[in-house]
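As structure tokens, the structure follows; a few thoughts come after it.
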Amino acid sequence: MITEGLILSAILFVIGTFGVLIRRNAIIMFLCIELQLNAVNVAFVALSRSVGIDGQIFVFFVMTVAAAEAAVGLAIIISIFRHYETVNVDNFNLLKW
Amino acid sequence: MFATVLFYLFAGVAIGGALGVVLAKSPVASLLMMVVSLGSVAGTFVLMEAHFLAAVQVIVYAGAIMVLFMFVIMLLNLGHDYEQDVKMGAFAVVSFAVVGVMAGMLATRFGGLEGDGPAAGAIAIDAALAEHGAVGAIGQTLFTDYVVPFEITGILLLVAIVGALALAKRNVA
């Protein structure tokens, strides 16, 4: 079950990475980041079969950080949308050179 | 054997949902596919003896966080009339290459972790589950060995609440 879990984790992480690279909608990019975090959780749970319950504790902390990150990130998206009336990241080029 | 079949079923649905997140055009469809994926991952958690985490995954991730996303999509009125936002051309090719390299690097790390018979961690987890139950097994470790990180997590959530409020508040001044 460990190897299968790690393979599942890798596939989900790669799909999430691809989504972040290919999509320009800030909310969907954000969803794909959540997908990556979730893939890492799968790896932690799979490896907890090898190292013990500590792996599951880490998943707990990752979930907490993901919740905090979602709250702050969505607040940033809302305030950007108020300013630019779009969530397409190609339009946010203030820091581009 | 039944557990293995179930695992592959859940894994397949999770991967399909993840692909749906990336490929769906509408943000709402993406979000619903994400809920499917998270739910299936919760199923795999159950099969890997992480019962409490499976429940938390459904309640917190698929429940609370995805509802938060849905609120924002509805609030910003992004559910329809979307613009095409997929990068095409050279960028897509480079993305494929990056992702391919990444998949290759991850694939070389598999194997060798599982010997014959149940792994040491699995035995320890089964013992903890039998002694304390699904919640107790996590709680026992969380409130002894990991109590300081747990408290810091509380502070992190407080900071996140204050930050989200400060960012999303309409500027009255």
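The values are calculated or read from the model by the stated rules, or taken from the named source; none is laboratory data. Note that the structure is predicted; figures quoted are calculated from it, not measured. Please note: Cβ atoms are built from the backbone with ideal geometry, for glycine as well, and neighbour counts cover all protein chains shown.
If we keep just the residues of segment B:13-28 that are part of a helix (DSSP H, G or I) and touching a residue at least 24 places away in the same chain (Cβ under 8 Å), which is nearest to the chain's Cα centre (by Cα)?
So in segment B:13-28, the residues part of a helix (DSSP H, G or I) come out as B:13-23, B:27-28.
Pick out the ones that are also touching a residue at least 24 places away in the same chain (Cβ under 8 Å) and you get B:13-14, B:27-28.
Working: B:VAL13: 14, B:ALA14: 10, B:PRO27: 18, B:VAL28: 18 Å.
It comes out as B:ALA14.
Scan B:PHE71, B:PHE52, B:PHE10 and give me the residue that is part of a helix (DSSP H, G or I), outside the structural domain of B:GLY139 (by TED's automatic domain parsing) and in contact (Cβ under 8 Å) with a residue 60 or more places away in the chain.
From the options B:PHE71, B:PHE52, B:PHE10, the qualifying one is B:PHE52.
Inside segment A:67-94, can you point out the residues that are more than 7 Å from every other protein chain (Cβ to nearest Cβ) and in contact with a helix residue (DSSP H, G or I) (Cβ under 7 Å, 6 or more places away or on another chain)?
Restricting attention to segment A:67-94, the residues satisfying the condition of being more than 7 Å from every other protein chain (Cβ to nearest Cβ) are A:69, A:73, A:80, A:82-86, A:89-94.
Scanning segment A:67-94 gives A:GLY73, A:TYR84, A:VAL89, A:ASN91, A:PHE92.
Is it true that A:PHE61 is among the aromatic types (Phe, Trp, Tyr) and surrounded by 21 or more Cβ atoms within 10 Å (Cβ to Cβ)? Spell out how you get there, then give the answer.
Numbers: among the aromatic types (Phe, Trp, Tyr): yes; surrounded by 21 or more Cβ atoms within 10 Å (Cβ to Cβ): no.
Taking the combined requirement at face value, the residue does not satisfy it.
Scan A:ALA39, A:ALA66 and give me the residue that is without any contact (Cβ under 8 Å) to a residue 40 or more places away in the chain and under 22 Å from B:ILE152 (Cβ atoms).
Details: A:ALA39 fails: under 22 Å from B:ILE152 (Cβ atoms).
Going through A:ALA39, A:ALA66 in turn, the sole match is A:ALA66.
Can you pull out every residue in segment B:34-53 that is facing chain A (nearest Cβ under 9 Å), out of contact with any His (no Cβ under 9 Å at 6 or more places or on another chain) and at negative phi? If you could, list the steps in order and put the result at the bottom.
Quick first cut of segment B:34-53, residues facing chain A (nearest Cβ under 9 Å) only: B:34, B:37-38, B:41, B:44-45, B:47-50, B:52-53.
Adding the requirement that they be out of contact with any His (no Cβ under 9 Å at 6 or more places or on another chain) leaves B:34, B:37-38, B:41, B:44, B:47-50, B:52-53.
Across segment B:34-53, the qualifying residues are B:MET34, B:SER37, B:LEU38, B:VAL41, B:THR44, B:LEU47, B:MET48, B:ALA50, B:PHE52, B:LEU53.
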